[in-house]
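A.B. asks: Let me give you the structure first, and then I'll get to my questions.
The values are calculated or read from the model by the stated rules, or taken from the named source; none is laboratory data. A quick note: this is a predicted structure, and the numbers were derived from the prediction, not measured. Glycine also receives a Cβ, built like all others from the backbone with ideal geometry; neighbour counts cover every protein chain displayed. Surface areas here come from the heavy atoms of the whole protein model, side chains and all, with no ligands, DNA or RNA. Shrake-Rupley method; radii C 1.70, N 1.55, O 1.52, S 1.80 Å.
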Amino acid sequence: MLWASARALADPATFDLTGPTVEAEVTRGAVTLPISQVPNLAAGDRVWLKAELSAGQSVHYLMIAVFLRGSTEPPAASWFSRCDTWTRKCSTEGIRLTVPKEARQLLVFLAPETGGDFGTLEDAVRGRPGVFVRASQDLNQAAAEHMRLQTYLREIGRLGDSDPARLKEVAPLLSRSLAIKLDEKCLEKPSTLQAACLMQGRESLIMADGHSESVTATLTSGPASDLAMQASNAPQLKSGYYGPFIGSILDIARLFDSFHTAKYQYIPALAVPHGRELALTLNAPPSFHDPKSVLVAALPPVENPQLPELRAVDSKEVYCLRKEPLVLAAQGAPLMFASSYAHHVTLRVDGPGGTSIELPATPDAARGGFVIDTSALNQVALGESTRGSLRGRWGFTTYSGPTFNFVDARAQAWKLAPGDEAALVVGRQDTVHLVSASVRCVSDIKLADSDGRQLKVDWKAAKADEVEAKLPLEDASAGEVTLLIRQYGSPQPQRLTVRTYAEAGHLDAFTVHAGDDHGVLRGSRLDEVATLALNGVDFTPKTLTSTEGHDELTLLAGGTPATAALKAGETAKAHVTLKDGRAYDLKVAVQAVRPRAVLIGKTLQPGPSAASIRLSDHEELPQNAQLTFSLHAQTPPTFTRDERIEVATADGSASTLLDLASGSMTLQDAKIAVARLDPSKAFGPSTFGPLRFRMVSHGVAGDWQPLATLVRLPVLKELSCPDGPDAPCRLAGQNLFLLDSVSADARFGARTAVPDGFTGSTLSVPRPTHGELYVKLRDDPGVISVAVLELPGATPGTASPTNGLAPSPDKPVIPEPKAPVAPITAPGPSAQPN
């Protein structure tokens, strides 16, 4: 047993040995159910058990069933029942038990026949009932979680073999139904590798559900909490490494490890129900030498029924009652999908005249809910909307589940959404919106053209009363086409005739600023535009975007610079040429020039953490530093008091404005402006990456220009290295998660990566080989910088040697500058060194 316990602790997921099978049925009143449909027992239940052993079994097994009534009270002698499985009566008839009024658990022992075996086991259980009470509770919990896990693995394995492309769709539904952890990174792998990735970890995939939580409450309150042996104090469980299933197995292993005799050792057996059979699986091979192995299996607990807390995924969702297949999305009750405890489940729908209709409902974890058989509705006329609820049996108990909202298919008027009437243009795929009273029951949409061909239409429900449809008009001719809209349960489609157009799109306006190299053309069907000419400047299409039937086309200027050809305020005619050769004139007013200034110098005032890292790239700006930078006005040639400088991240997620009124911008003279930026105040502690700036004047914004790369610095406090040249060092500091990696080599040939989400205050790093430690920041991992630390063995106040350092493959390692700012000469005759 010591070996078995050690094995269980080292590798808890070892319930892979096939044990014997026990047949079981439970009768309550006049109803008899197979054990797979019984989640709990009740006082007065009649239990039938029979061990299924091979006819040629060389070892005689004694089957003992015992009822328990709590950890502090031994069971009565009459609560023990034996069955000699090698005898004819036991092997054919089994044993029949009646659950006593005060019983709380039922355990089954399978023990090799020895002299005094029954009395020995009876003394063991009566002597320390708490051990077996806890074992029964943990075995029941582990068996329930084992069923969830096996259902998940079985479905993933089936799809991995038959249809791996569906794993990306089905895996999240299995995860939701069975409360199984889903590694979404697995779904980014090729489809043939997803199944193996999704099944990694096995038992650690299991998450807590309502049933597990109720079992946990039982174990931590009442008589069970008085148990002296609490295996949950194991350090493995306290660390949170194992899931609830692993915790249960570790508990059982520790319980039985401390309780064995010279004659017997106890091996837990998971009882997995299938029909009226309990298939026992073991995590250790049984021994037939002293101490002989006794298999311990738990039957459902004697308790009040714990009804599943099933709920609709979206209580406001409205389903089409005629849909095939009709799947009601539900969650919150993993055992409803992993076991047969729920049976005879139906969807009770309100029918006409106050009647109700029962539709068979089947839980399907792979579809994420209950699949409803709607065949009984074929000859039934329902109202426009109705409600229905899931009902059935949970073991012997009547179960009432969540309520769902439904609509029925019916003939209804369809029309194009306002604004889409003239949006259909032949020669391309076009998108329209179809409006009706309800679109829940739409099953298919096809396009019938003038030649009688029916073409597939890609569509989706955009709203409860609107469908978005992409019509394949690439090869269609202008004129009328017909949409065929089919609904579930309706034999004939509804028809909607719409008109398509071949005329060219409309040109609304062309906007261009003086000095710009691009402009924006607005209108419709702009994909047919080939060129635009304005005052001798030719523009060619670059990017087309469409929103609600309106197009915007960005065109780039070529040849003569637009700066020289276009003057602000002038009016001219743009000549627009289409791809088919047609041309149109469009009146254009050239807009005011965009403001522009060039960066001529910048200086930063380091923050408190800058002393611990010497940045190698002078474009990097520490997040807690202050940046002072100067600009030379270009367009217009002088600054005004109304102009502002906008500084923002490259993705636009954070921005700030610098101006004269706030004091963050100061004019040296009419042409030079000096601005001050405090990133920590302007953007907060979680902003990083490239920063850019632009001028804003009278509501007109200039082009973005690069300013600096904002980086956040950890605080490096101490580097300690133990004796021994091969032993690693420990780097102490704060916010070490801001480091991407650390190396003792300037080339970063051998590096130590800092894990994502690292929260520690010390980090194991390589021992410096040349007296310096090199780091890459998470905010700018392409740059190698130097950690400025008092290295072990170095003379205080002396600099670490830097001779012989080679440049990194990303950027060269730059020695620490001797002056804080390098002079920069600004363009123009009035520029001065900063």
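A.B. asks: Determine whether Gly392 is free of Cβ contacts under 8 Å to residues at least 60 places away in the same chain and either buried (at least 20 other Cβ atoms within 10 Å of the Cβ) or in contact with a His (Cβ under 9 Å, 6 or more places away or on another chain) (or both).
C.D. replies: Yes.
A.B. asks: So which strands (runs of 3 or more DSSP E) are wholly in the stretch 52-165 and hold at least 2 residues that are more than 16 Å from Leu295 (Cβ to Cβ) and in contact (Cβ under 8 Å) with a residue 40 or more places away in the chain?
C.D. replies: 61-68, 95-98
A.B. asks: Next question. Restricting to the stretch 473-488, count the residues that are farther than 23 Å from Ala409 by Cβ and at pLDDT 90 or above. Give the steps one after another, and end with the answer.
C.D. replies: Residues of the stretch 473-488 farther than 23 Å from Ala409 by Cβ: 473-481.
Next, only the ones that are at pLDDT 90 or above stay: none.
Within the stretch 473-488, residues that are farther than 23 Å from Ala409 by Cβ and at pLDDT 90 or above number 0.
A.B. asks: Right, here's the next one. Among the residues of the stretch 360-370, which ones are aliphatic (A, V, I, L, M) and either surrounded by fewer than 19 Cβ atoms within 10 Å (Cβ to Cβ) or in a helix (DSSP H, G or I) (or both)? First the steps, then the outcome.
C.D. replies: Our first condition is that a residue be aliphatic (A, V, I, L, M); within the stretch 360-370, this holds for 361, 365-366.
Once the filter is applied, which keeps residues that are aliphatic (A, V, I, L, M) and either surrounded by fewer than 19 Cβ atoms within 10 Å (Cβ to Cβ) or in a helix (DSSP H, G or I) (or both), the stretch 360-370 yields Ala365, Ala366.
A.B. asks: Okay, next question. Could you run through the stretch 632-677 and say how many residues are crowded, with 16+ Cβ neighbours inside 10 Å and of a type in the set (Asp, Glu)?
C.D. replies: Number of matching residues: 3.
A.B. asks: Is there any pair linking a residue in the stretch 370-382 that is within 24 Å of Ser340 (Cα to Cα) to one that is open to solvent by 30 Å² or more (accessible area, probe 1.4 Å) and in a loop (DSSP other than H, G, I, E, B), with Cβ under 6 Å and at least six apart or on different chains, and which?
C.D. replies: Pairs found: Val371/Pro325.
A.B. asks: Something else: Considering the stretch 728-755 alone, what residues qualify as being in a loop (DSSP other than H, G, I, E, B) and either more than 27 Å from Thr656 (Cα to Cα) or open to solvent by less than 10 Å² (accessible area, probe 1.4 Å) (or both)? Steps first, answer last, please.
C.D. replies: First, the residues of the stretch 728-755 that are in a loop (DSSP other than H, G, I, E, B): 728, 735, 744-750, 754-755.
Result: Pro728, Ala744, Asp745, Ala746, Arg747, Phe748, Gly749, Ala750, Val754, Pro755.
A.B. asks: So, in the stretch 765-793, of the ones that are open to solvent by 40 Å² or more (accessible area, probe 1.4 Å) and at pLDDT below 90, which residue ends up farthest from Leu691 (Cα to Cα)?
C.D. replies: Initially, the stretch 765-793 is screened for residues open to solvent by 40 Å² or more (accessible area, probe 1.4 Å), giving 767, 769-770, 778, 781, 788, 790, 792-793.
In the following step, the residues that additionally are at pLDDT below 90 were identified as 767, 769-770, 788, 790, 792-793.
Details: Arg767: 35, Thr769: 35, His770: 34, Val788: 26, Glu790: 33, Pro792: 38, Gly793: 40 Å.
My answer is Gly793.
A.B. asks: May I pose another question? May I ask you to list the residues in the stretch 111-145 that are out of contact with any helix residue (DSSP H, G or I) (no Cβ under 9 Å at 6 or more places or on another chain) and surrounded by fewer than 20 Cβ atoms within 10 Å (Cβ to Cβ)?
C.D. replies: Within the stretch 111-145, Pro112, Glu113, Gly115, Gly116, Phe118, Gly119, Thr120, Asp123, Gly127, Arg128 meet the criteria.
A.B. asks: I've got another one for you. If I go through the stretch 684-721 residue by residue, how many of them are β-branched (Val, Ile, Thr) and open to solvent by 60 Å² or more (accessible area, probe 1.4 Å)?
C.D. replies: 0
A.B. asks: Can you name the residue in the stretch 33-85 that is in contact with a Ser or Thr (Cβ under 6 Å, 6 or more places away or on another chain) and closer than 17 Å to Leu106 by Cα and is also surrounded by the fewest Cβ atoms within 10 Å (Cβ to Cβ) among such residues?
C.D. replies: Arg46
A.B. asks: To continue, here is another question. For the stretch 534-545, give me the residue count where each residue is surrounded by 15 or more Cβ atoms within 10 Å (Cβ to Cβ), over 14 Å from Thr511 (Cβ atoms) and more than 45 Å from the chain's Cα centre (by Cα).
C.D. replies: 3
A.B. asks: When you scan the stretch 454-553 for strands (runs of 3 or more DSSP E) that lie fully inside it, which ones turn up with 1 or more residues that are of a type in the set (A, V, I, L, M) and farther than 30 Å from Gln634 by Cα?
C.D. replies: Because the criterion is at least 1 residues that are of a type in the set (A, V, I, L, M) and farther than 30 Å from Gln634 by Cα, the strands (runs of 3 or more DSSP E) in the stretch 454-553 that meet it are 454-456, 458-463, 466-472, 479-487, 494-500, 507-512, 529-534, 537-547.
A.B. asks: Here is a follow-up. If Glu548 satisfies all but one of (1) within 16 Å of Asp516 (Cα to Cα); (2) modelled with pLDDT under 80; (3) open to solvent by 50 Å² or more (accessible area, probe 1.4 Å), what's the number of the condition it fails?
C.D. replies: With (1) within 16 Å of Asp516 (Cα to Cα); (2) modelled with pLDDT under 80; (3) open to solvent by 50 Å² or more (accessible area, probe 1.4 Å) applied to Glu548, the lone miss is (1).
A.B. asks: When only residues in the stretch 88-110 that are farther than 18 Å from Arg276 by Cβ and over 47 Å from the mean Cα position of the chain (by Cα) count, which is surrounded by the fewest Cβ atoms within 10 Å (Cβ to Cβ)?
C.D. replies: If we take residues in the stretch 88-110 being farther than 18 Å from Arg276 by Cβ and over 47 Å from the mean Cα position of the chain (by Cα), then Arg88 is surrounded by the fewest Cβ atoms within 10 Å (Cβ to Cβ).
A.B. asks: Do we find that Val133 is in contact with a strand residue (DSSP E or B) (Cβ under 9 Å, 6 or more places away or on another chain) and closer than 19 Å to Ala269 by Cα in this structure?
C.D. replies: yes
To keep it simple, each residue is scored yes or no on (1) touching an Asp or Glu at 6+ places or on another chain (Cβ under 7 Å); (2) surrounded by fewer than 16 Cβ atoms within 10 Å (Cβ to Cβ); (3) within 23 Å of Leu178 (Cα to Cα); (4) modelled with pLDDT of 95 or more.
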| residue | (1), (2), (3), (4) |
| --- | --- |
| Val272 | no, no, yes, no |
| Gly275 | no, yes, yes, no |
| Pro286 | no, no, no, no |
| Pro291 | no, yes, no, no |
| Gln306 | no, no, yes, no |
| Cys320 | no, no, no, no |
| Thr346 | yes, no, yes, yes |
| Gly351 | no, no, no, no |
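A.B. asks: Looking at this structure, is Ser477 of a type in the set (Ser, Thr, Tyr) and surrounded by fewer than 16 Cβ atoms within 10 Å (Cβ to Cβ)?
C.D. replies: Spelling it out, Ser477 is indeed of a type in the set (Ser, Thr, Tyr) and surrounded by fewer than 16 Cβ atoms within 10 Å (Cβ to Cβ).
A.B. asks: Scan the stretch 371-398 for residues that are in a strand (DSSP E or B), of a type in the set (D, E, K, R) and under 33 Å from the mean Cα position of the chain (by Cα) and report the count.
C.D. replies: 2
A.B. asks: If we scan the stretch 605-626, do we find a residue that is surrounded by 16 or more Cβ atoms within 10 Å (Cβ to Cβ), over 30 Å from Leu773 (Cβ atoms) and over 38 Å from the mean Cα position of the chain (by Cα)?
C.D. replies: Taking every residue of the stretch 605-626 in turn, none turns out to be surrounded by 16 or more Cβ atoms within 10 Å (Cβ to Cβ), over 30 Å from Leu773 (Cβ atoms) and over 38 Å from the mean Cα position of the chain (by Cα).
A.B. asks: I'd like to verify a number: residues in the stretch 509-533 that are open to solvent by 20 Å² or more (accessible area, probe 1.4 Å) and either modelled with pLDDT under 90 or more than 21 Å from Glu421 (Cα to Cα) (or both), how many?
C.D. replies: Step one: of the stretch 509-533, the residues open to solvent by 20 Å² or more (accessible area, probe 1.4 Å) are 509, 511, 513, 515, 517-518, 520, 522, 524-525, 527-528, 530-531, 533.
If we keep only those that are either modelled with pLDDT under 90 or more than 21 Å from Glu421 (Cα to Cα) (or both) as well, we get 509, 511, 513, 515, 517-518, 520, 524-525, 527-528, 530-531, 533.
Final tally of qualifying residues: 14.
A.B. asks: I'd like to know if the stretch 432-447 contains one or more residues that are under 30 Å from Gly29 (Cα atoms), under 31 Å from the mean Cα position of the chain (by Cα) and not aliphatic (A, V, I, L, M).
C.D. replies: To start, the set of residues in the stretch 432-447 that are under 30 Å from Gly29 (Cα atoms) comprises none.
Checked against the condition, which is being under 30 Å from Gly29 (Cα atoms), under 31 Å from the mean Cα position of the chain (by Cα) and not aliphatic (A, V, I, L, M), the stretch 432-447 yields no hits at all.
A.B. asks: Okay, next question. Cβ-Cβ below 7 Å, separation at least six or inter-chain, first residue in the stretch 644-671 and without any contact (Cβ under 8 Å) to a residue 12 or more places away in the chain and at negative phi, second of a type in the set (Val, Ile, Thr) and not in a loop (DSSP other than H, G, I, E, B): which pairs?
C.D. replies: Cβ pairs passing all conditions: Ser655/Val647; Thr666/Val674.
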